[in-house]
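Structure record follows, encoded as structure tokens.
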Amino acid sequence: MLFLFNDRVLDIGNPDVRLLANWMELGCGRPDLLFAREAIEFAKAVVIDSDQSGVDEAVYKDCAALLAVKTHANAAFFIRQFGEDDPCKVEARLNHIPEEHLQRVKAQRRPVGGHASLEAIWVRAA
């Protein structure tokens, strides 16, 4: 399964299997006891932490698997002001985008430092 996490298209495989294998390392608590809102709040915290300390792509994949399982979305975009570190002021937009669109964006991958154009996808998702 492909998941659009901000500006990254991640291949997370089967999200249920990935989450069962990695939930302890992720640090979200037992995923079966989480509500969708709690999973979104956890993802917001991961995004904020990634600015301060950097995050391994595996953590993004695990977080994407959590969001996919709890919300049934395959795209998450976190909107905030530059430098904002209060999770309450971060807006999360989740959506389900057809897999073929995500495959096309992943195929557009740019060299290191470049980004694939996500504008067309987010315009359709809005």
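Only the coordinates and a few stated rules stand behind these numbers; no lab work does. Not measured: the values here are computed from a predicted model. Cβ placement follows ideal geometry from the backbone for every residue including glycine, while neighbour counts extend to all protein chains displayed.
Structure summary
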item: Cβ-defined net charge surrounding Ala65, 9 Å radius [Lys, Arg +1; Asp, Glu -1]; result: 0
item: Kirkwood-Stokes translational diffusion coefficient of region 1-110, alpha-carbon pairs, 20 °C, 1.002 mPa s, µm²/s; result: 152
